[in-house]
Amino acid sequence: MMWLTGLSDFLLYITVSFLAGIVVFQFVPEARKPVTRVSDKAVVFAVLSMPLLTAAPIMQLVLFLADSRPFMTAVAEVLTGFRSGNVYMAGVAITLLWLIALRLKAHRAIFTMLLVMTIVNIGYGSHAASIDGLTGFLSHTIHLLALSLWAGVLLQVAWFRGTADHWERFTKWFTPFAMAMVAILLISGVLVMLLFVKPADYVDSWILPYGQLLLLKHLSIIPLFAAAWINKRRSSKLGPDDKWLKIESIALLTVFFLTAFMSKLAPPHDINQTFRREGTAPFSEWLSGASYLPIRAQFTLSIEGLLMVAISLCCFFLAFFSARQSRLMWLLLLLITGFVLFIYAGLMMNLRF
């Protein structure tokens, strides 16, 4: 069931980002944005998918309670007695308002309000909000809002752009906009992380499933920022590069994917206790050897680990040469994926727990 709920969250983040891009572009004059081709049916489909994508955790809880009470009683109890149920009902109501606003072709201010309400509702139902109240709620909500705005505009120009008209004027506002979103993401991301992992326990947590995904998420941010920097340099001189725009969007979606599944795992508030309950993460013992309580990560350099790091750096630099000399996107994606996986393996091989 974790795979279903994680996948539904991943698709939900994409859907919200898609709608965020639609809303942002409503505020941009025609002379300062490229032409995009998004049908009304696609927008309606995105809105209708939100209640379906948020239903997985509700059904999981309903099925759990249905073992000891009638099914409809369990449904009523979840919807009225649990935060996740309240969030789901609010989400359904917001979806109906989206559909009405689309039907009436409402003012952009209405769509902005609906987007904020959607993200606030998701933030209220987040794990961070349930753990640390207002601080967790605000951190997660601001983090998701900034990520959705950046990803939304990027998805529009990478996958739905019709022409490159007004590209120079577009980059003049999008570059500082994206940089502001990244700054907000970094600050809010650190705040969210500190709710679950103490700084002193960060490396220790890599032995756990949650810590492994957190490490992979942080490693995947490196090619994301590299692609964003390359797009900034190339776009200002040569116009839009569809390949690099798509690479940046795929890297961003990878961060979405890892975040969605990470939120379904037990956070390591207490490394040793979580280790007793959850055990080690997949591949951790294979890469780092046996682990023992109490968990204390120690760097022990190894030839194998250093070789993995060297291979990852080769993949990283070859990705740049591939982008300049080849049009094979699959090769570029393979090299970027290799960078993340090999540097992950190298770090783990140079650790003992």
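The values are calculated or read from the model by the stated rules, or taken from the named source; none is laboratory data. If you're wondering where the values come from, they're calculated on a predicted model, not measured in any experiment. Please note: Cβ atoms are built from the backbone with ideal geometry, for glycine as well, and neighbour counts cover all protein chains shown.
Residue by residue, here is whether (1) surrounded by fewer than 19 Cβ atoms within 10 Å (Cβ to Cβ); (2) of a type in the set (Phe, Trp, Tyr); (3) part of a helix (DSSP H, G or I); (4) in contact with a helix residue (DSSP H, G or I) (Cβ under 9 Å, 6 or more places away or on another chain) holds:
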position	(1), (2), (3), (4)
ASN231	no, no, yes, yes
PHE256	no, yes, yes, yes
THR259	no, no, yes, yes
HIS269	yes, no, no, yes
GLU304	yes, no, yes, yes
> For the stretch 134-150, does any single residue satisfy the condition of being surrounded by 16 or more Cβ atoms within 10 Å (Cβ to Cβ), more than 24 Å from ILE187 (Cβ to Cβ) and touching a residue at least 60 places away in the same chain (Cβ under 8 Å)?
Replying inline: no
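Could you please let me know if ASP67 is over 20 Å from VAL153 (Cβ atoms), among the acidic types (Asp, Glu) and surrounded by 19 or more Cβ atoms within 10 Å (Cβ to Cβ)?
In short, no.
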>> So, THR171, is that one hydroxyl-bearing (Ser, Thr, Tyr), surrounded by 15 or more Cβ atoms within 10 Å (Cβ to Cβ) and more than 23 Å from PHE196 (Cβ to Cβ) or not?
In response: yes
> When you scan the stretch 302-353, how many residues do you find that are under 20 Å from GLN212 (Cβ atoms) and among the aromatic types (Phe, Trp, Tyr)?
Replying inline: 4
>> One residue is enough: does the stretch 134-144 have a residue meeting the conditions among the aliphatic types (A, V, I, L, M) and in a loop (DSSP other than H, G, I, E, B)?
In response: no
>> Among the numbered criteria (1) over 30 Å from THR15 (Cβ atoms); (2) modelled with pLDDT of 80 or more; (3) surrounded by 13 or more Cβ atoms within 10 Å (Cβ to Cβ); (4) among the aromatic types (Phe, Trp, Tyr), which one does PHE317 miss?
In response: (3)
>> Residue pairs, Cβ under 8 Å, 6 or more apart or interchain, first in the stretch 331-351 and more than 22 Å from LYS243 (Cα to Cα) and in a helix (DSSP H, G or I), second modelled with pLDDT of 90 or more and among the β-branched types (Val, Ile, Thr). List them.
In response: PHE342/VAL309; PHE342/ILE311; ILE343/VAL309; GLY346/VAL309; GLY346/ILE311; LEU347/VAL309
>> modelled with pLDDT of 85 or more, within 28 Å of ALA178 (Cα to Cα) and within 24 Å of the chain's Cα centre (by Cα): is that true of ALA42 in this structure?
In response: yes
> Does the stretch 153-162 contain at least one residue that is among the polar types (S, T, N, Q), in contact with a strand residue (DSSP E or B) (Cβ under 8 Å, 6 or more places away or on another chain) and closer than 29 Å to VAL190 by Cβ?
Replying inline: yes
>> If I filter the stretch 271-281 down to residues being exposed (fewer than 15 other Cβ atoms within 10 Å of the Cβ) and within 30 Å of GLY123 (Cβ to Cβ), which single residue comes out as modelled with the lowest pLDDT?
In response: ARG277
>> Can you report the number of residues in the stretch 101-128 which are without any contact (Cβ under 8 Å) to a residue 40 or more places away in the chain and part of a helix (DSSP H, G or I)?
In response: 12
> Is it fair to say ALA164 is part of a loop (DSSP other than H, G, I, E, B) and not polar (S, T, N, Q)?
Replying inline: yes
> Pairs under 7 Å by beta carbon, first residue buried (at least 16 other Cβ atoms within 10 Å of the Cβ) in the stretch 153-167, partner modelled with pLDDT of 90 or more and among the small types (Gly, Ala, Ser), six or more apart or different chains?
Replying inline: VAL153/GLY21; LEU155/SER17; LEU155/GLY21; GLN156/GLY21
>> Looking for something farther than 17 Å from ILE230 by Cα, in contact with a Leu (Cβ under 7 Å, 6 or more places away or on another chain) and modelled with pLDDT of 85 or more - is there at least one such residue anywhere in the stretch 155-173?
In response: no
